[in-house]
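To start, the structure itself, in structure tokens.
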Amino acid sequence: MLSEFLGTFVLIMFGLGCVAVAVVGLSGSGRQTADFGPANWLIIGWGWGLGVVFGVYIAGGVSGAHINPAVTLAFAVRRGFPWRKVPAYWLAQLVGAFVAAALIYAVYYPAIDAYNASKGIASRVASQDTFSIFATFPAKYFGGALWGPLFDQIVGTALLVALIAAIIDHRNQAPTGNLGAFIIGLVVVGIGFSFGTDAGYAINPARDLGPRLWTYIEGWGPLAFPGAGTYFDNYWWVPIVGPLVGGVIGIVVYDLVIGQVLDARAEAAGGQEPPPPPGRAGDDSESLETVTRREAATAERRGPEQV
């Protein structure tokens, strides 16, 4: 639980921190001589991606660094993760996100207040821009409808979890040399660049709910719960339900389309890892375990005196 707490904490610190830089930090610090405009999305996209990388690196060796309730649920459904551990993981992830939001607020509250003052905003309840530092909301073009953002969250999280399943599957083309965390971070960057404007690409219930709880405490009121803004209402549940549904769909699709083939190959090879298929760059990326197993078999055939 402490590992999941810390991994999620690191993820949210970098994620919320980069949004704070883009929304209130650069504009109020005197370090920005011209408006970045849409380029601010690059700061946000890369910040969240690197947050995932560092969160996985710091926690992966202890808890597996799910750092996302949707990943935990998907692994319970299809990877044998114990169901009895799911509530504990979810709680640790939620608390990690909540504490990270509190610390980001402590660092940036002067910038938040200065931003609101510069815009003539008297109350945080009316400050949707500063709320966006912490939690998500849908795009204007949905016209207040929730099915579009919900579908977006299902699709984005399905992509995330399906690709995580592929990246950690050593029967497939899994990256070696502990690069998995970095590649997963790139997946999040790609999702942000491809789907982020629809609904802020939460794709992680803890990432949204933990900071949303903090904003409710600190005065953003109905923007947080029930999730009511200038053009949307009752949004709070969308970035929770959408990712949980999408995560399960993503891992099931991977297993049905790719996993079954890899299982069949392993069965045909007598339970051993089959050789890489033609066109796969596997000859230069054998795992240490595979190399050791082959060398041991060769030594056994030769006999101790020849070795």
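Across segment 162-172, which residue is most open to solvent (accessible area, probe 1.4 Å) among those that are more than 14 Å from V56 (Cα to Cα) and of a type outside the set (S, T, N, Q)?
Looking at residues that are more than 14 Å from V56 (Cα to Cα) and of a type outside the set (S, T, N, Q), I get H170.
For segment 227-258, how many residues meet the condition of being open to solvent by less than 20 Å² (accessible area, probe 1.4 Å) and aromatic (F, W, Y)?
3
Starting from segment 119-146, take each residue that is under 23 Å from G28 (Cα atoms) and list its partners that are open to solvent by 40 Å² or more (accessible area, probe 1.4 Å), counting only C-beta distances under 6 angstrom and pairs at least six apart or across chains.
Correct list of pairs: S127/I121.
Does I258 count as more than 30 Å from N178 (Cβ to Cβ) and at pLDDT 95 or above?
no
Any residue in segment 124-140 that is closer than 21 Å to G192 by Cα, open to solvent by 50 Å² or more (accessible area, probe 1.4 Å) and in a helix (DSSP H, G or I)?
Scanning segment 124-140, I find at least one residue that is closer than 21 Å to G192 by Cα, open to solvent by 50 Å² or more (accessible area, probe 1.4 Å) and in a helix (DSSP H, G or I), so the answer is yes.
Hey, can you tell me all the residues within segment 173-203 that are assigned to a loop (DSSP other than H, G, I, E, B), on the phi < 0 side of the Ramachandran plot and surrounded by 17 or more Cβ atoms within 10 Å (Cβ to Cβ)?
Matches in segment 173-203: A202 only.
Just checking, does segment 35-44 include any residue being within 26 Å of K119 (Cα to Cα), within 14 Å of the chain's Cα centre (by Cα) and at pLDDT 95 or above?
Yes, because at least one residue in segment 35-44 is within 26 Å of K119 (Cα to Cα), within 14 Å of the chain's Cα centre (by Cα) and at pLDDT 95 or above.
Look at A102 and say whether it is buried (at least 20 other Cβ atoms within 10 Å of the Cβ), aliphatic (A, V, I, L, M) and touching a helix residue (DSSP H, G or I) at 6+ places or on another chain (Cβ under 8 Å).
So A102 fails the test.
Is there a residue being of a type in the set (K, R), under 28 Å from I168 (Cβ atoms) and touching a helix residue (DSSP H, G or I) at 6+ places or on another chain (Cβ under 9 Å) anywhere in segment 114-127?
no
Given the condition in a loop (DSSP other than H, G, I, E, B), open to solvent by less than 50 Å² (accessible area, probe 1.4 Å) and of a type in the set (D, E), answer yes or no: does some residue in segment 147-159 qualify?
no
Here's a check for you: in segment 204-226, which residue that is aromatic (F, W, Y) and not in a helix (DSSP H, G or I) is least open to solvent (accessible area, probe 1.4 Å)?
Among those that are aromatic (F, W, Y) and not in a helix (DSSP H, G or I), it is W220.
The values are calculated or read from the model by the stated rules, or taken from the named source; none is laboratory data. All of these numbers come straight from a predicted model, not from anything done at the bench. Cβ: placed from backbone, ideal geometry, glycine included. Neighbour counts: every protein chain shown. Areas reflect the complete protein model, heavy atoms only, side chains present, ligands, DNA and RNA absent. Shrake-Rupley method; radii C 1.70, N 1.55, O 1.52, S 1.80 Å.
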